[in-house]
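See below for the structure under consideration.
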Amino acid sequence: MTLTAALLDPFRSGPSAAQPLITFYDDATGERIELSGVTTANWAAKAANLLRDECDVEPGTRVAVVLPAHWQTAAVLLAVWWCGGEVVADPDGADLVLCDADRVDLALAADPANGVVALSLDAFGKGLSGLPAGVVDFATEVRLHGDDFVPWAPVPGDAPAWAGASVDEVLAAARARAGELGLAAGSRVLSTLDWSDSGLTDGLLAVLAAGASLVQVRNADPARLDRKAESERTTTRLG
């Protein structure tokens, strides 16, 4: 079982399938978007099909994810793991780089063998214009791919998944951290954590591993957090 299947399968059927899994706010833009378990899985599947079919992501492929904590970042992280790829933080030495518009030059400077995919992170799915040759515009291309994904071959549990840790190790660490944070099925987590280093384990992986749902706030206005916690009926706050 891939890391993504282990994390998402409980949310793809049953009563939780239609309930909010990821609710994303950006206080700088006023954006709010809510994804159910099924919708999250569909986005991850579309992204996985794109990464496999156009960028050759497979077990052993090192994918640098240079993106903020965002619902589209969650989709591409899950997509990489669904393909069996390894997520890394540093573009140097990566086979593929996923980045936002501000870091396309940084990604190209690393000269990844499988290229660069740029995400606009636009709330309405608007793509990026004026990209250098060879840079894939995620928003435009992902729409062309199916919303179901099946790996071509099984992904072994000892395959690298994140910064050298294997699929089994990442999943075990996420479940252990969920217990330490007091997260359980039905928990609703309000988080302002960045998804770098331990923030990815606490702010995304542990939440999903626990069977909880996430309210992720980017560019958080501290004065609005209490109101969000109340309106979203959150039970735990991180960050």
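The condition of being touching a helix residue (DSSP H, G or I) at 6+ places or on another chain (Cβ under 7 Å) and over 17 Å from Trp81 (Cβ atoms) holds for Leu128.
The set of residues from the range 11-57 being small (Gly, Ala, Ser) and crowded, with 18+ Cβ neighbours inside 10 Å comprises Ser16, Ser36, Gly37, Ala41, Ala44, Ala45, Ala47, Ala48. Checked against the criterion of being in contact with a strand residue (DSSP E or B) (Cβ under 7 Å, 6 or more places away or on another chain) and hydrophobic (A, V, I, L, M, F, W, C), the candidates Val63, Val38 yield just one match: Val63. Quick one: in the range 181-239, of everything that is of a type in the set (Lys, Arg) and in a helix (DSSP H, G or I), which residue is farthest from Gln19 (Cα to Cα)? Per the criteria, the residue is Arg224. The single residue among Leu208, Leu183 that is surrounded by 22 or more Cβ atoms within 10 Å (Cβ to Cβ), in contact with a helix residue (DSSP H, G or I) (Cβ under 7 Å, 6 or more places away or on another chain), closer than 21 Å to Pro160 by Cβ and modelled with pLDDT of 95 or more turns out to be Leu208. Restrict the check to the range 212-226 and report whether at least one residue is touching a Leu at 6+ places or on another chain (Cβ under 6 Å) and under 20 Å from Thr29 (Cα atoms). Yes: the range 212-226 contains one or more residues that are touching a Leu at 6+ places or on another chain (Cβ under 6 Å) and under 20 Å from Thr29 (Cα atoms). For the criterion of being aliphatic (A, V, I, L, M), in a helix (DSSP H, G or I) and either more than 18 Å from Ala74 (Cβ to Cβ) or under 20 Å from the mean Cα position of the chain (by Cα) (or both), Ala133 fails. The condition of being charged (D, E, K, R) and either in contact with a His (Cβ under 9 Å, 6 or more places away or on another chain) or crowded, with 22+ Cβ neighbours inside 10 Å (or both) holds for only one of Arg218, Arg175, that being Arg218.
Can you tell me how many residues within the range 119-169 are surrounded by fewer than 16 Cβ atoms within 10 Å (Cβ to Cβ) and on the phi > 0 side of the Ramachandran plot? Selection size over the range 119-169: 5. Could you please find all residues in the range 204-213 being closer than 17 Å to Ile33 by Cβ and under 12 Å from the mean Cα position of the chain (by Cα)? Hit for the range 204-213 is Leu204, nothing else.
Scanning the range 56-90 for residues that are among the β-branched types (Val, Ile, Thr) and modelled with pLDDT under 95 returns no hits.
Per the listing Leu200, Leu190, Leu171, the residue uniquely closer than 15 Å to Gly239 by Cβ and out of contact with any strand residue (DSSP E or B) (no Cβ under 7 Å at 6 or more places or on another chain) is Leu200. When the residues of the range 67-82 are filtered to those that are among the aliphatic types (A, V, I, L, M) and crowded, with 23+ Cβ neighbours inside 10 Å, the one that is nearest to Val104 (Cα to Cα) is Val76.
The values are calculated or read from the model by the stated rules, or taken from the named source; none is laboratory data. From a predicted model like this one, the values you see are computed outputs, not experimental measurements. Neighbour counts run over all protein chains shown; Cβ positions are idealised from the backbone, glycine included.
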